[in-house]
Amino acid sequence: MIMNLNEGDDVETVNPSGQASDATAFSKQHIRMIAAGQGLSYETVSRDMSESNYSSARQGAIEDELTYGEDSEHLIDILTEIYESFVISCVLSGKVIIKDFWENKDDYLKHKWIKAPKKWIDPKKEAESNEVALRTGQKSWADLAASWMFWE
């Protein structure tokens, strides 16, 4: 802005102070607000793990998974519909010949979606946690195997 100064007027530059002057903190705060609005952790949205430790990363992953849970259910419903339509279309078009398909349709359409296991944040701590969970009865061997393998 250019102004005419009167005799005796001083020129001063604006020097903002306080938290808003730090662009990094400002950006992080905005990312935190965006993440919170979506029910996600800051680390998930920003992919910035510089301020997290094992406990906070694990807690964030658990909470993020809960947020994704409803979307996963919708996705599985859609995939199931696509799968069943595909199999039925194959039978109707004659690409696949199954003599008793219509009598045993439910048996032929039976399926299970397999999700990849969760990634470990710290394998040593995960192993120690699993050992305690087994010893105290919080997890069974089947629960433990399910978390390692490609089934739920």
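Of (1) open to solvent by 70 Å² or more (accessible area, probe 1.4 Å); (2) touching a helix residue (DSSP H, G or I) at 6+ places or on another chain (Cβ under 8 Å); (3) among the aromatic types (Phe, Trp, Tyr), PHE101 satisfies all except one. Which?
With respect to (1) open to solvent by 70 Å² or more (accessible area, probe 1.4 Å); (2) touching a helix residue (DSSP H, G or I) at 6+ places or on another chain (Cβ under 8 Å); (3) among the aromatic types (Phe, Trp, Tyr), PHE101 is out only on (1).
Within the stretch 24-43, is even one residue among the hydroxyl-bearing types (Ser, Thr, Tyr), open to solvent by 80 Å² or more (accessible area, probe 1.4 Å), at pLDDT 80 or above and assigned to a helix (DSSP H, G or I)?
Checking the stretch 24-43: at least one residue is among the hydroxyl-bearing types (Ser, Thr, Tyr), open to solvent by 80 Å² or more (accessible area, probe 1.4 Å), at pLDDT 80 or above and assigned to a helix (DSSP H, G or I).
Just one of (1) closer than 30 Å to HIS30 by Cα; (2) open to solvent by less than 70 Å² (accessible area, probe 1.4 Å); (3) modelled with pLDDT of 80 or more trips up ARG47, so point out which.
(2)
When ILE76 is evaluated against the numbered criteria (1) surrounded by fewer than 12 Cβ atoms within 10 Å (Cβ to Cβ); (2) in a helix (DSSP H, G or I); (3) not hydroxyl-bearing (Ser, Thr, Tyr), which criterion, by number, is the only one it fails?
Checking ILE76 against (1) surrounded by fewer than 12 Cβ atoms within 10 Å (Cβ to Cβ); (2) in a helix (DSSP H, G or I); (3) not hydroxyl-bearing (Ser, Thr, Tyr), the one that fails is (1).
The values are calculated or read from the model by the stated rules, or taken from the named source; none is laboratory data. Being a predicted model, the structure only gives us computed values, none of them experimental. In this analysis, Cβ positions are derived from the backbone assuming ideal geometry, glycine residues included, and neighbour counts consider all displayed protein chains. These area figures cover heavy atoms from the full protein model, side chains too; ligands, DNA and RNA do not enter into them. Shrake-Rupley method; radii C 1.70, N 1.55, O 1.52, S 1.80 Å.
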